[in-house]
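Down below is the structure, laid out as C-alpha cells.
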Amino acid sequence: SKDRIRGFLATHRPSAWTDDYGPFSLMPLTGALKVLPVERSSRFQHSNEDARAYRYGVTLDDYQVRAEMTPAPHGGVLRFTYPRTEEAYVVLDAQAGGSTVQLHPEDNTITGTNSSIAGDFPPGFAQYFVAVFDHKFTRHRTWDETGVQAEAASHAGKHVGAYVGFSTAAGEMVTV
C-alpha cells in the first residue's frame, strides 16, 4: 500500500522476527538537494518494480532514477541509473540513535557507524559501514538531524549523514 520511498535500508537484521540494529540508508536523487528523510522521499509505482529474492529494482518517479540492488556476501551492490544532469546525488543517512560519517573523496568512499540498537546489546555496540562508489565525487558534505550541511569531512551526532554529487550523462549508472 506504500507509494513513497525515502531510502534503501541496509541493516544487521538476521531475520524478520529479531530487532533491527545499526541501520543506514542510501537514496539517489536529482535536482534540488534534500537530505532529510521526509523531504527526500520519492513517489514510485508498484508496476515499475522488479522484486525477486536475488534482485530488486524500482523507478523513483520524482527523480527519474532507476534504483537496483542485489545482495552480496556481507553487503550488497546498488546501481542507480540517472538522467542527464549536473545535479545527481546519493544521500547516505546513518539514521537516528547515534551515528558517525566520514567522507573520503580521494577514494570515492563514505564510512561510518550507527549505534542504534533495540533490546539488550553489549555497551559500545555499533554497526560499521563502508560505501564505495565507482564515480568521482564532484561535491560532498555532511549533514545533521536539522538538515544543516557542514563543510567537515566527518560528523558525529544523534542523527547524521552525508551526500555526494555527480554530473551524469543520460542513462549513466553509478554503482555503490
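So, in region 137-163, exactly how many residues are modelled with pLDDT of 90 or more and not in a strand (DSSP E or B)?
The qualifying residues number 2.
Of the residues Gly57, Gly98, which is part of a strand (DSSP E or B), surrounded by fewer than 19 Cβ atoms within 10 Å (Cβ to Cβ) and modelled with pLDDT of 95 or more? Break it down stepwise before answering.
On the way: Gly98 fails: modelled with pLDDT of 95 or more.
Going through Gly57, Gly98 in turn, the sole match is Gly57.
Please verify whether region 29-37 includes one or more residues that are assigned to a strand (DSSP E or B) and at negative phi.
Checked region 29-37: at least one residue is assigned to a strand (DSSP E or B) and at negative phi.
Condition test on Gly112, is it touching a strand residue (DSSP E or B) at 6+ places or on another chain (Cβ under 9 Å), open to solvent by less than 30 Å² (accessible area, probe 1.4 Å) and not in a loop (DSSP other than H, G, I, E, B)?
yes
Filter region 64-80 down to the residues that are touching a residue at least 24 places away in the same chain (Cβ under 8 Å) and more than 15 Å from Phe8 (Cα to Cα) and list them by number.
Applying the first criterion (touching a residue at least 24 places away in the same chain (Cβ under 8 Å)) to region 64-80 yields 64-65, 67, 69, 75-80.
Within region 64-80, just Gln64 meets the criteria.
Restricting the first residue to region 134-160 and requiring it to be aromatic (Phe, Trp, Tyr), which pairs with a second residue that is surrounded by fewer than 19 Cβ atoms within 10 Å (Cβ to Cβ) meet a Cβ separation below 6 Å and a spacing of at least six or different chains?
Pairs that qualify, where the first residue is aromatic (Phe, Trp, Tyr) and the partner is surrounded by fewer than 19 Cβ atoms within 10 Å (Cβ to Cβ), are Phe137/Pro105; Trp143/Gln149.
For region 72-89, give me the residue count where each residue is touching a strand residue (DSSP E or B) at 6+ places or on another chain (Cβ under 8 Å) and surrounded by fewer than 18 Cβ atoms within 10 Å (Cβ to Cβ).
Qualifying residue count for the region: 8.
Looking at His135 and the list (1) buried (at least 18 other Cβ atoms within 10 Å of the Cβ); (2) closer than 24 Å to Asp61 by Cα; (3) under 14 Å from the mean Cα position of the chain (by Cα), which single condition is not satisfied?
Of the numbered conditions (1) buried (at least 18 other Cβ atoms within 10 Å of the Cβ); (2) closer than 24 Å to Asp61 by Cα; (3) under 14 Å from the mean Cα position of the chain (by Cα), the odd one out for His135 is (3).
May I ask you to list the residues in region 164-176 that are at pLDDT below 85, over 14 Å from the mean Cα position of the chain (by Cα) and part of a strand (DSSP E or B)? Let's see the steps before the verdict.
So in region 164-176, the residues at pLDDT below 85 come out as 167-176.
Next, from what is left, pick out any that are over 14 Å from the mean Cα position of the chain (by Cα): 167-173.
Passing the criteria: Ser167, Thr168, Glu172, Met173.
The values are calculated or read from the model by the stated rules, or taken from the named source; none is laboratory data. No experiment lies behind these values; they were computed from the predicted model shown. Note that we place each Cβ from the backbone using ideal geometry, even for glycine, and neighbour counts take in every protein chain shown. Quick note on the areas: whole protein, heavy atoms, side chains included, nothing else; ligands and nucleic acids left out. Shrake-Rupley method; radii C 1.70, N 1.55, O 1.52, S 1.80 Å.
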